[in-house]
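Each value in this text was obtained by applying a stated rule to the coordinates, not by laboratory testing. On a predicted model such as this, the values are computed, not experimentally measured, just so you know. With ideal geometry, Cβ positions are generated from the backbone for all residues, glycine too; neighbour counts draw on all protein chains shown.
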Amino acid sequence: MVTEEEIEKVAKLMKIEVEDHKEYVDKVHAMIDYFDILDSAGVDDEEISMPEIPITALREDKHIPFDEKLIEKLNHYKGTYVRAPKMS
Amino acid sequence: MNLKISALDYVQEVQNGNISAEDFTAATLERIHSVDEKLHAFLSVNDDAINQAREIDKKIKSGDKVGACFGMPISIKDNMCIKNSKTTCASKMLENFVAPYDATVISKLKEQDAIFIGKANMDEFAMGLTTEFSAYGPSKNPWNVDCTPGGSSGGSAVSVSAFECVASLGSDTGGSVRNPASFCSAVGYKPTYGLISRYGLISYANSIEQIGPVTRTVKDTAFLLNMITGLDPNDNTTVDNKNEDYLSGIDSGVEGKKIGIIKEMMAEGTDPAVISATKDAVSKLEGLGAICEEVSLDMVKYSVAAYYTITATEAGSNLARYDNLRYGYDFSLEGYEFNSYIQKARKNFGPEVTRRMIIGGFVPSAGHAGKYFLKALKVKNKLTKEINEAFKKYDLLIAPTVPILPFKLGEKIDDPVALFLVDINTVTANLTGKPAISVPFAVSNGLPIGIQLLADSMNDKMLLQAAHALEQTVKLPEVPI
Amino acid sequence: MTKIGLEIHCQLTNLESKLFCSCKANYRQFEINENICPVCMGLPGSLPRLNQDAVKKATMIAMALNCSTPDKIAFFRKNYFYPDLPKNFQITQLNIYGDTSVGGPGSIMVGDKEIRITRIQLEEDPGRLIYEGSSSKNQITLVDYNRAGTPLVEIVTEPDFENPKQVREFLNILSDLLENLGVSDPSLEGAMRADANVSIEGGKKVEIKNIGSFHDLEKAVHFEITRQESLHSREIEIAQETRHWDDKRKITISSRSKEEALDYRYFLEGDIPWVTIDPAIQEKLKSEMPESISSKKERYVSKYSIPNQVADVLSSDKFYSDLFEDSHTESNAKEIANIITTDLMGLVDTREKREASKITAIHLRDLADAIQTGKISRNSAKNALHEIVKTGKDLSQVMSDLDLGNVSDESELLTVIKDVISEEPQAVEQAKSNPQTINYLVGKVMQKTKGKADPKLTLDLLKKQIE
Ligand SMILES: [Zn+2]
C-alpha cells in the first residue's frame, strides 16, 4: 500500500502542488494499486532491451547556427538574459 | 462541393481541373464554421488557409511544379509544432506557446503543398482516451454527440469523419490514433516505431509513441505515409524504410496469409457486438483466402499496467520542462522563490496530467523502481518476445481495436482504472514497436466498431494491403451529421 | 589514512558543436543567449541529436586512461529542477544496466601510486546562472544558456589519493593527456571543474562541490584535510556533509543541510538508441589516437639521444612537441630539441605569448640547418628566434634584416685576420709554440666581427696565416 505521505513527498519532488487532497490521493492510489498486477507477471529474469544505432550513423560534428534569434521568441528579461526567481 | 471525397480522389479532381484548391478550402472552412461549434474538433483554425490555397491554384494554372497534396486541407493534432503558430497540447500550461520551428512531418507536408486547416483537439498532453481531458473542452462523436469520439487524437478523428478536412495527423502512444478512429469510423494508423520522425511532436512517452495518419480510406493512409516516413537526421530513433512506396500493390490481398486472432484481446468484458464484428471480419478474411486461428499472448494481461507505468515515468520527465520560465503562459514571477514559483506555475496542468505527474514521480523513484518501473520494462521485453514468436508463425494478428463501443461523455471520467482497460487492445503495438491499424468495419446501434490488424516491424506495407482488403469487404452507412 | 576521490568535469572544447545540437561547443565568443536553438533550449518537440565526434573523443579519453570501452553505450536522464537546465533533466551516463558509459573501470600510474578510475561518462553541461541584487530579498537569477548542452566528460576516480601532492601530479598528467589528445584546452576558463571527496583516518566522508579549476582543486583538498585534522585534534566529530568551495575566500563552506536528498529518478533516455561501437571501430580509434606522452618521450630518448630531462619537457607539452614533430629530421632532432627547450620556451612562456607567436616548424628547421652548417652562430640564432617569434618572417629575411649571418666569405675574413695578426704580435708568437692559445686570436676575430665569423673557417685561416 502506498501511503498518503509518500504521495505528498512525490508531489513535492515533481513540483506539483496538490490542493484538492482527497480527489488526487484517492485516484492516484487506485491507479498505483492497479500496478500491483505486475508482481504476478513472473518477469524477474527478463532483460531490458533498447533500439540501437551504430556510431557511424550519428551526426557529424559541424557548427550550424539556428537561423533565427531564438531568444526573441521566448520570455526573457534584462537584455537577452532569461530571468528566473530567486533561489531561496 | 463534395467534401466527402477521399484524399486520392481530391488529388484527382484538382488535377483534372474539376475543383480548385481555393474552392475546396473555402467549402471546408464553411463546413468547420457550421459544425465545429457542436463537435469541437478544432482548437484553432488557420486564418491564412484561403490565401495559401489561392497560391497553390496559381502554381497549378501556370504549370509550375506542385506538391502531391495539391492544397489538400489537413488537420494537425495540437501537439505538433507548426512554425509561428500556437501549439498548446490542449493545455493551459502552453496557452501562449508559439512554436519557432516546424516538426519534420510538417516540413514534409509543406513541401507537398498540403494546407494545415487547423489544430485538432486532444486530451491534454495526449493523456487520455476521450478528449475530455482537453483544457478547452471535449470533442463530440459525430455519430452521436452525447458520446466520446475517443482519444487522445479525438479532434483528428472527428475532423476527418465529419468532413471538416480530408485527412489528419494524430499521435499514438497507447492507441491514441486507433482508438478515436475506431470510435468515429475512420482509418487510424500506428506505424512501426521509428518509421515517422517525432521531431516536433511534443513528447508524452517518447520511447513508444509515433505520429500516425487518420484518413477516410486505407489507401489515403498509404498515400500520406509515402510523404511523411523515412530517416530523419533530427530524430535518432528513425529507421530507414528505403523510400518504400506504400500505395503500390495495395490491392495485393490476403490470399495465403496466416492470421492469428489474439485470444487475450477478446476476453471477458468485451462487448458482444464487438466480438461478433471481429468474428465477421475473420470470416471475411478467410473468404479472401487467409488462414485464421487463435493465438495467445500471455503478457497482454499485464500490458496496461506496464504501459501506464512506463508512460507516467517518461511523461514525468518529458513534462518537467514546463516550468513557465522560458515559454508557457502569462504569470509573473515577481515575489516568488524558485520552488514556489514552479509549483504555482504548474497548477496550470489539468487534473489527469497532475495525477500522472505524481505517478511518474513515484514509480521510477529510488525506493519503488524495482517494484514498478523495472518490472514494467521487463513485461515490455517479454511481451515483445512473445509477439515476435507469434510473427514467426503468423503474417498478421487481428483483434478488435477497442473492446467496447463509444461510451457517453462523463461516463468513465471519474474512474481512472476503468479508463485504463479501454486501452487493453491497443497498447501492445506501442510497447512492442509493431505497426497496427484500425479499419472501420461495422456500426452497431448507430455506433462504429473498428477492427485492428497488427504486423511485424517494418511490415507496414503488408499490413496496409491486408487492411485494404478487409476494408473492401464492407459498405458502411454514412455518418449522420 | 587520508582518502581523496575526484570527479573531474572536462569540457571537450575542441569540438565544433554541442553534444546534442549544432550550436557552437565553444560558447565563450557569443553574446548572452545567442548560441542557442530549440534543441539545447529543450523546446517542446525538440529531440537530442548525438554528436559522433563527442562519443569518439570521450572514448579516446577512456582509452588513454586505460579504461575498458564497451561496445554499446547508453544515455540516461537525471531528473531535477534547476533554472540552468532547460529540460529540467540532464542527459548523462550511468552503469546501472551493465557498463554502458563511454569508459568502464581503469587505472593510471601517478608516480608509484596506482589511481583507479571508476568510470568515464559523457554528458551535457548546464547553462550559466548569474545572481543579481544586493540582498536576498531583491535577489534575482539570470540565466545564459549559451553553455547549455555543451559536451562534458566526467572522470570519476576511486578514493585512492592520499595527499594533495598526488592530486596535483594526477591533474598535471591529466591536463597534459587531454591536451595531447587534442580534445580539450585545459587553460580555457571553466574548461576543467571538479568535485572532490575527502576523509581522514577515522572521519566521515566530506564532499566538496563547485571547484572551478585544477589550481583550486589542489587548494580545496589541502584546506579540507587541514580543517578535518584540526577538528580531529580537538576531538570534534567530522560530520558527513557536502561543502562548497568558495573561490574568493579559498575555503570550503558547509552547504545548508536542509537541502533534502534528491531522488534523480534515473532512467534510459529513449530519444537516443544505444550506440554501438564495434571492435573494428574501436581499433581504428585507437590507431588514430595521438601517440601518448610517455611513448613520445621514450622515442625522443632512444631514437635521437635527446637527454632525459629535455625529452620529458618536450613530450609533455603539446605545443612544443607538435612543433618538434613537424620540424625535426633524424639529423637535426637534437638541435631542434635544444632550440625549443633552451631558447623558445623562455620566449613564449605564457598562453598569450604562445598565441601571439608567429613561429612555425619551417622556421625551426631552417634555424637548425643554419646552425649545423655554420651559417649562423648560436648566439645570433637566439636573436633571430626572438625576431621570428615576433614577426614570422623567413629566417633568411631576418638574418639580412638584422645582419646576423656568419662572415664566411674567405677574403672578407682574411682582412680581419690580418688586422688581428698585426695588432697581436705577442699572441701570434705564443700560438706558434703553443697551439692551444690560438683560441685567444679566434676570440679577437669574433670580437671584430661581432660574433658573426664562422668559427671553423676562422680557425683554419688563422692557422694557415700563422704558419
Ligand atoms: Zn543548440
- [ ] Using only the C-alpha atoms of chain B, find the volume of their convex hull and express it per residue in Å³.
- [x] 139 Å³
- [ ] Could you please rank B:R178, B:R31, placing first whichever residue has the fewest other Cβ atoms within 10 Å of its Cβ?
- [x] B:R31, B:R178
TODO: Kindly write out, for region C:383-391 in residue order, the coupling ³J(HN,Hα) from the Karplus curve 6.51 cos²θ - 1.76 cosθ + 1.60 (θ = phi - 60°), rounded to whole Hz, with x marking Gly and Pro.
DONE: 5, 4, 4, 4, 5, 5, 4, 6, 10
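Report the per residue volume, in Å³, of the convex hull enclosing the C-alpha atoms of region A:1-42.
On the way: hull volume 3.0 nm³, N = 42.
Spread over its residues, the Cα hull of region A:1-42 gives 70 Å³ apiece.
Give me a single rounded figure for B:415-425: the average over its residues of other chain Cβ atoms within 10 Å of their Cβ.
Working: counts 2, 6, 5, 1, 1, 4, 1, 0, 0, 0, 0.
Mean shielding count: 2.
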Open item on the list: I'd like the Karplus ³J(HN,Hα) series for region B:376-388: coefficients 6.51, -1.76, 1.60, θ = phi - 60°, whole numbers in Hz, and an x wherever there's a Gly or Pro.
Closed with: 4, 5, 6, 4, 4, 5, 5, 4, 4, 4, 4, 6, 4
Open item on the list: Could you tell me the calculated FRET efficiency between C:L459 and C:K284, based on Cβ-Cβ distance and R0 = 51 angstrom, to the nearest 0.05?
Closed with: 0.35
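Calculate how large, on average over all directions, the projected area of the Cα convex hull of chain C is; give the answer in nm² to one decimal.
Values: hull surface 126.4 nm².
If I average the Cα hull's projected area over directions, I get 31.6 nm².
Go ahead and estimate [θ] at 222 nm for chain C from helices alone: -39,500 (n - 2.57) per DSSP H run with n ≥ 4, summed, over the residue count, rounded to 500. Please list the in-between numbers first.
On the way: 16 runs with 183 residues, N = 467.
Computed mean residue ellipticity for chain C: -12000 deg cm²/dmol.
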TODO: Hey, for a label at B:D251 modelled as a point 7 Å past Cα toward Cβ, could you say which residues of region B:446-467 have their backbone N under 20 Å away?
DONE: B:461-467
TODO: Taking H placed 1.01 Å from N in the peptide plane, check which residues at least 5 places from C:S255 or on another chain put their amide H under 5 Å from its amide H.
DONE: C:T242, C:R243, C:H244
Task: Reachable aspartates and glutamates, given that their alpha-carbon falls under 17 Å from the alpha-carbon of B:K92 and they are not under 8 places away in the same chain - done: A:E17, B:D78, B:D123, B:E124, B:E132, B:D323, B:D330, B:E352
TODO: Return the long-range amide H neighbours of C:I238 (sequence gap of 5 or more, or a different chain), with a cut-off of under 5 Å between placed amide H atoms.
DONE: C:K204
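Return the subset of B:K279/B:K475; C:K353/C:K382; A:K69/B:K59; B:K83/C:K18 for which the Cα-Cα distance in this structure is over 21 Å, preserving the input order.
Values: B:K279/B:K475 17 Å; C:K353/C:K382 17 Å; A:K69/B:K59 32 Å; B:K83/C:K18 24 Å.
Exceeds cut-off: A:K69/B:K59; B:K83/C:K18.
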Open item on the list: What is the distance in Å between the Cα centroid of region B:384-446 and that of region C:149-215?
Closed with: 54 Å
- [ ] Jot down the radius of gyration and Dmax of region C:291-401, Cα atoms only, both in angstrom.
- [x] 13.4, 41
- [ ] Compute the signed sum of charges (Lys and Arg +1, Asp and Glu -1) over the other residues within less than 12 Å, Cβ to Cβ, of B:N51.
- [x] -3
- [ ] Report the charge-dipole magnitude of region B:194-345 in Debye, nearest 20, computed about the Cα centre from +1 at each Lys and Arg Cβ and -1 at each Asp and Glu Cβ.
- [x] 80 debye
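Suppose we flag GluC sites (Glu not before Pro) only when DSSP calls them loop and at most 11 other Cβ atoms lie within 10 Å. Which is the longest uninterrupted stretch of chain B?
Numbers: sites that count: B:E255, B:E268, B:E334, B:E478.
Value returned for the longest uninterrupted segment is B:1-254.
Going from the alpha-carbon gyration tensor of the protein assembly as shown, what semi-axes, largest first and in whole Å, does one get by taking the root of 5 times each eigenvalue?
On the way: eigenvalues 972, 230, 141 Å².
For the protein assembly as shown, the ellipsoid semi-axes come out as 70, 34, 27 Å.
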Open item on the list: Roughly how far apart, in whole Å, are the Cα centres of region A:49-69 and region C:404-467?
Closed with: 71 Å
Task: Angle in degrees between helix A:4-13 and the longest Cα principal axis of chain A, rounded to the nearest 10 - done: 10 degrees
Task: Shape call, region C:410-466: gyration tensor on alpha carbons, a/c limit 1.5 - done: prolate
Task: Alpha-carbon centroids, region C:21-100 and region B:244-304: separation in whole Å - done: 44 Å
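FRET efficiency for C:L347 and C:E410, Cβ-Cβ distance as r, R0 = 45 Å, nearest 0.05?
On the way: r = 34 Å, r/R0 = 0.76.
According to the calculation, E is roughly 0.85.
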Task: In nm, spacing of pseudo-spin labels at C:Q397 and C:R249 (7 Å Cα→C-beta vector) - done: 5.6 nm
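May I ask you to derive the relative contact order of chain C, considering only C-alpha pairs under 8 Å and at least 6 residues apart, and to give it as an integer percent?
Details: 808 pairs, mean separation 63.1, N = 467.
Relative contact order, chain C: 14 percent.
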TODO: Give the residue from A:L13, A:F35, A:Y24 lying farthest towards the positive end of the charge dipole for region A:1-42; charges sit on Cβ (+1 for Lys and Arg, -1 for Asp and Glu) and the dipole is referred to the Cα centre.
DONE: A:L13
TODO: About the Cα centre of region B:106-179, how large is the charge dipole given +1 on each Lys and Arg Cβ and -1 on each Asp and Glu Cβ? Please answer in debye to the nearest 20.
DONE: 120 debye
Task: ³J(HN,Hα) computed for each position of region C:138-146 - Karplus, 6.51 cos²θ - 1.76 cosθ + 1.60, integer Hz, glycine/proline x - done: 9, 5, 10, 10, 10, 10, 10, 9, 4
Task: region B:235-265: trypsin sites (Lys or Arg not before Pro) falling in loop per DSSP and having at most 13 other Cβ within 10 Å - done: B:K242
TODO: Among B:A181, B:I387, B:I424, flag the residue with its Cα farthest along the positive direction of the charge dipole of chain B, charges on Cβ as +1 for Lys/Arg and -1 for Asp/Glu.
DONE: B:I387
Open item on the list: With the cut-off at 1.5 for a/c, could you classify region C:136-229 from its C-alpha gyration tensor as rounded, prolate or oblate?
Closed with: oblate
Open item on the list: Using a Cα-Cα cut-off of under 18 Å, which aspartates and glutamates could be cross-linked to C:K375, ignoring same-chain neighbours fewer than 8 residues away?
Closed with: C:E335, C:D366, C:E387, C:D394, C:D401, C:D403, C:D409, C:E410, C:E412, C:D454, C:D460
Task: Shielding score for B:321-333, defined as the mean number of other chain Cβ atoms within 10 Å - done: 6
Task: Calculated Rg and Dmax of region B:1-153 using C-alpha coordinates, Å - done: 16.0, 48
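With a 10 Å Cβ neighbour count serving as the proxy for reagent exposure, in which order, fewest first, do B:F407, C:F89 appear?
Working: B:F407 19, C:F89 26.
Listed from fewest to most nearby Cβ atoms, that is B:F407, C:F89.
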Open item on the list: Below 18 Å, Cα to Cα, which lysines can B:K392 reach? Residues fewer than 8 away in the same chain don't count.
Closed with: B:K257, B:K258, B:K263, B:K382, B:K434, B:K461
Task: Label point distance in nm, C:E241-A:H29, each placed 7 Å from Cα along Cα→Cβ - done: 4.1 nm
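Hey, could you grab the Kirkwood Rh for region B:217-314? Inverse mean 1/r over distinct alpha carbon pairs, Å, one decimal. Spell out each step's value before the answer.
Details: mean 1/r = 0.0584 Å⁻¹.
When all Cα pairs of region B:217-314 are included, the Kirkwood radius is 17.1 Å.
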Open item on the list: Could you list B:M122, B:M266 so that the one with the fewest beta carbons within 10 Å of its beta carbon is first and the one with the most is last?
Closed with: B:M266, B:M122
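With a cap of 11 neighbouring Cβ atoms within 10 Å, and only residues DSSP puts in a loop, list the trypsin sites (Lys or Arg not before Pro) found in region C:136-216. Let's see the in-between values first.
Working: sites: C:K137, C:R147, C:K165, C:R168, C:R193, C:K204, C:K205, C:K209; in loops: C:K137, C:R147, C:K204, C:K205.
Sites meeting the loop and neighbour criteria: C:K137.
Might you report the magnitude of the Cβ-based charge dipole of region C:291-401 about its Cα centre, with Lys and Arg at +1 and Asp and Glu at -1, to the nearest 20 debye? It would help to have the intermediate numbers written out before the result.
On the way: 16 positive and 18 negative charges, 29 e Å.
Dipole magnitude for region C:291-401 comes out near 140 debye.
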Open item on the list: How large are Rg and Dmax for region B:1-58 when calculated on the C-alpha trace, in angstrom?
Closed with: 12.1, 35
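So which of B:K38/B:K119; C:K219/C:K296; B:K119/B:K412; B:K77/B:K375 end up more than 28 Å apart by C-alpha? Before the final figure, lay out each step's value.
Values: B:K38/B:K119 16 Å; C:K219/C:K296 31 Å; B:K119/B:K412 26 Å; B:K77/B:K375 32 Å.
Where the Cα-Cα span goes over 28 Å, the pairs concerned are C:K219/C:K296; B:K77/B:K375.
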Open item on the list: Quick check: from the Cα gyration tensor, does region C:1-153 come out rounded (a/c under 1.5), prolate or oblate?
Closed with: prolate
Task: For B:V214, distant residues with modelled amide H under 5 Å away - done: B:S168, B:L169, B:G170
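What is the average number of partner chain Cβ atoms found within 10 Å of a Cβ in B:230-239?
5
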